[in-house]
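Below is one structure, written out as C-alpha cells, with a few remarks after it.
The numbers here are math on the coordinates, done by the rules we state, and not lab data. What you see is a predicted model; the values in this text were computed from it and never measured. All Cβ positions, even for glycine, are placed from backbone atoms using ideal geometry, and neighbour counts span all protein chains on display.
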Amino acid sequence: MMPIILFYIFATILLLSAVMVVCSRNSVHAALFLVLVFCNASGLFLLAGAEFLAILLIAIYSGAVMILFLFIVMTMQTNLVQLKEGMQSYMPVGFCIAAVLVVELIIVAINWHIDPQIAQASQQPLLQNMSNTQALGALIYTDYILLFQICGLVLLVAMIGAIVLTLRKRPNNRRQVVARQHMREPHQSLEMRSIELNKGVDELGGFLRPKETYFGVSQEDSFGPKPGDKMDITEKRQQMKEQSK
Amino acid sequence: MNWTLAIPEIVLSISGLIILLWGSFEKKGNAFFPCAILSIAAFVAVGFLTLTVQNGLGYHGLFINDEFSRYMKLLIIISGFLCIILSIDFNGKNNTNCFEFIALIVFSTVGAMIMVSSNNLMTLYMGLELSSLALYILCAIDRQSVFSAESGIKYFILGSVASGILLYGISMIYGFSGGMGYENIHHIIASDHALSAGFAIGLVFVLVGLCFKISAVPFHMWTPDVYQGAPTPVTTFLSTAPKFAAFALFLRLMVGPFGALSPQWQLLIEVIAVLSIIIGSVGAIAQTNIKRMMAYSSISHMGYALVGLAAATPDGVMGTLIYLTTYLFMNIGTFAVIAAMSRRGHIVENINDLAGLGKTDPGIATAMAIFMFSMAGVPPLAGFFGKFLVFKAALAADLYVLTIIGLLASAVGAFFYLRIIKIMFFDKAAEPLDKRSLSLSFISFSMGTITVIFLLFLSPMLEMGQIAARSLFH
C-alpha cells in the first residue's frame, strides 16, 4: 500500500513541476522546477528498485547539468520581449504541428495493448544475487562494450570541441607555469600580520600581495613581464612605508 | 565475441588518439602537417583493413560486416582521405590549420563507419552522434568568420532536434516491437503483418531523422546556410561521408528490418525523392554563391539516389550505390575547384568570380566543366551512369510518374550546371585567380580523370555494387 501512495505523491509532484517548467516566466524558476522534476523522477526509480539510476539522475542531472544551465542563464542576458518576437506569426504553424503530434499520440494510446507477461518480467531481478550496480557493470563491460567505448569517443570529441572552440592564444593572455605555482609555499605569496585594535592596515605601513614578486609564476611569453625581468616588490613596500609615515 | 570485425574502426580511432597526442605534445611549430600525413596513412591502412576483414556479426549482434558495409565504408574512407588532402593547403591559408581539425575528421569518419556497420538501433544512434558531434565542431572551426560560427550553431541546433526525433522514433519502435536488433525487428514484423500505429509512427520518426542527415527535402532548410558558412574542406566532408553513412542506414533499415513493410514506405520515399529533385534543381537556379548552389545541387542528388531505394529492388539499391560512387568523385572534384578560388589571398565564392576562367586558367576550367557536365548527366561521363541505373530500376518497378518528374527536373538542373560552363568559357575575363596549390590541383585533376574514364571500370563497379546490394536482400 505504501509504495502506491508514494508513487502517486512522486508522480503528482513530478507532473505539476513539469508543467511549471514550461509555464514559469522566469528562466531561473524554470530551471529550479526542472531540478524538482529530476528529484521526483529519481524517487520513482527508487520505488521501481533501480537505486543506481536514481542516484545517477540526481548526481548528473540535478547536480551537474542544472548547475551548468543556471550558470548559462545567469551569464546570458535573456530578453523575454525579444524572445517572444515573431511568436504571433509562428503560432499557427506551431499549433498545426502540435495538433498533428497530439492526434498521433492519441492514436498510439488507443492501439496500446500491454503484453500480460510484462508485469511479471519487471518484478524479477535482472540477475540473481547481484545489486543493480553490479548487474549494470557486468552488462556494460561485456555485451555492450562496443557502445560503451563509442560513448567514450563521443565524450572525447565533445571535450576537443570545447577546447578548440574556446581556447584562444591572445597577445594579452596571462598564463602561469603550473609546476612553479605548485612548488611555492603559502608564505612566499601571503603575509600574515596581527593587527592592533583600532588601527588600520595603512597605519602599520600597509601590506602588499603578493609578497615578493608580481610575476613569480607567470610564463615567459605571457602578458606582463618581459623575458628575464623580475619585478621586485621590496622597493614598492619601502615607498608605501615612507608615505604612511 | 568476435571483436576483430571492428578492426578498421579500432585502428582509425587509435590513430585519431595518436594524432591528438602528437598535436598536444608538439611544442615547436605547427603540428597540422605531420598530423595530416599521419591521418592520410591511417586512412590508407584502414582502407586495406576494410577490404580484408571477414564478414559476420560481432559484439553480441550489435555490429555487422558484409559486402554492403564494406562498399559503403570504402566510399566513406575515400572521402575522408580526399578531404584531408584538400585541407592541407587550404587550411594553412585560412588560419584553420590546427591539428584538432584532422582529429575531428578522423573521429567523424569513425562514427560514419560505425553507422554503416550498425546492426542494432543503439549502435545506429551512437555512430550517428559521434559523426555529427564532430561535424558540428568542424563547421564552427574557423573562429575568425561569423559565417562559420553561424553555420556551426545552425547545424548544431537543427541536428540536435533531428537526433531527438530519431531517438523518439527508436523508442517507439522498441516499445512496440520489443527489440532493438535489426533481425529481431525483422522477425517481429514478418510474424505479425498488421502494422501497429505506434510502430508506424516510430518508423516515420526514424525516417525524418535520417532525411535530415542526407538533407532530403522537407528537412533540407539547413543545407545552404551550413554549406556556405563552413570552411570549404569541411563542406566537402559534410557533403560526402555523413551522407553516405546516412544512406547506408537508410538502405539497411528499409530493406532489412522494415523490408516487409515496403508497400507502406515506398510512397513516402517516392514523395521525398521527387520533392528533393524538384526543390534542389529549382532552388539552385537563383543562387549567386557557388557553395549555396552546390548545397542545392547536393539536395537534388540525394533525391536521385533515393529513387533507387524507392524501387525497393536489388537493382535499385545497386543503382543507388553506383550513384553515390559517382557523386563522391564529381562532388569532391568540384569542391577542390571551389577551394582553389581565391583572389589576392582572399577567398572568393561568387559564381561570377569564375568569369573567364577558361582563358586565365584553362586546366582547372576544363576540370570544372567536366564535373558540371557529369553532374548534369551528360552521357559519356560518370554522372550519367548513376542517373541511368536508378531510373532504369525505377522503370522496372513501374514507378513511371517518379521517372518522368525526375527526368524533367534533371533537364531543369542542367541549366545551372551549364550556366557555370558558359560563365567560365564565354564571359568576359575577370581578374585571374591566385595560383592554385598543388594538393588542390592534384584532387581536381585526378577526380576529373576518374569522372571521364568511369566507363572503363563500369563493369567491375557494377559487379561490386550487385554483390553489395545482394548482401542486403539475403
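Provide the FRET efficiency to the nearest 0.05 for the A:ILE4-A:SER131 pair, computing r from the beta carbons and using R0 = 30 Å. FRET efficiency, A:ILE4 to A:SER131: 0.75.
Of B:LYS93/B:LYS154; B:LYS291/B:LYS392; B:LYS291/B:LYS422; B:LYS93/B:LYS359, which pairs sit farther than 20 Å apart, going by alpha carbon to alpha carbon? Write down the numbers at each step before the final one.
Details: B:LYS93/B:LYS154 25 Å; B:LYS291/B:LYS392 31 Å; B:LYS291/B:LYS422 18 Å; B:LYS93/B:LYS359 25 Å.
As for pairs spanning more than 20 Å Cα to Cα, those are B:LYS93/B:LYS154; B:LYS291/B:LYS392; B:LYS93/B:LYS359.
Computed from the C-beta positions of B:PHE388 and B:LYS422, the FRET efficiency with R₀ = 30 Å rounds to 0.75.
Put simply, the C-alpha atoms of the range B:403-474 give a gyration tensor, and the ellipsoid matching it has half-axes of 34, 22, 10 Å, longest first. Within straight-line reach of B:LYS435, meaning a Cα separation under 13 Å, sit the following aspartates and glutamates at least 8 residues removed in sequence or on another chain: B:ASP89, B:ASP361. Put in order of Cβ neighbour count within 10 Å, fewest first, the listed residues B:CYS211, A:CYS39 become A:CYS39, B:CYS211. Within the P(r) computed for the range B:246-361, what percentage of the Cα pairs occupies the region above 18 Å? Percent of Cα pairs beyond 18 Å in the range B:246-361: 59. Between the beta carbons of A:SER24 and A:LEU101, assuming R0 = 22 Å, the FRET efficiency works out to 0.45 to the nearest 0.05. Over 20 Å apart at the Cα level, from the set B:LYS73/B:LYS213; B:LYS73/B:LYS387; B:LYS213/B:LYS387, are B:LYS73/B:LYS387; B:LYS213/B:LYS387. Extension gain, A:GLU220-A:ARG184: 0.36 nm per intervening residue step, less the Cα-Cα distance, totals 11.2 nm. Shape class for the protein assembly as shown: oblate, because the ratio a/c of the largest to smallest gyration tensor axis (alpha-carbon atoms, square roots of eigenvalues) is 1.5 or more and b/c is at least a/b.
Packing order of peptides B:344-350, B:318-324, B:36-42, A:130-136, highest average first: B:318-324, B:36-42, A:130-136, B:344-350 (average count of other Cβ atoms within 10 Å over each peptide's residues).
Residues whose amide H comes within less than 5 Å of that of B:PHE63, counting only those at least five positions distant or on another chain, are B:GLY58, B:ASN119 (H built at 1.01 Å from N in the peptide plane). Residues B:SER441, B:SER160 in ascending order of nearby Cβ atoms (within 10 Å, fewest first): B:SER160, B:SER441. The calculated pair-distance distribution of the range B:144-280 uses every alpha carbon pair, bins of 10 angstrom beginning at 0, and gives 11, 39, 30, 15, 4, 0 percent.
If only the Cβ of Lys and Arg carry +1 and only the Cβ of Asp and Glu carry -1, the dipole of the protein assembly as shown around its Cα centre is close to 1800 debye.
Mean per-residue shielding of peptide B:133-140 is 4, counting Cβ atoms of other chains within 10 Å of each Cβ. Computed over all pairs of different Cα atoms, the Kirkwood value for the hydrodynamic radius of the range A:1-82 is 13.6 Å. Each peptide in B:325-333, B:143-151, A:20-28 was scored by the mean count of other Cβ atoms within 10 Å over its residues; highest first, the order is B:325-333, B:143-151, A:20-28. Put in line by how crowded their Cβ is, counting other Cβ atoms within 10 Å and starting with the fewest, B:LEU357, B:LEU381, B:LEU57 read B:LEU57, B:LEU381, B:LEU357.
Please state the shape class of chain B: rounded when a/c is under 1.5, otherwise prolate if a/b exceeds b/c and oblate if not, all from the C-alpha gyration tensor. Since a/c reaches 1.5 but b/c is at least a/b, the shape of chain B is classed as oblate.
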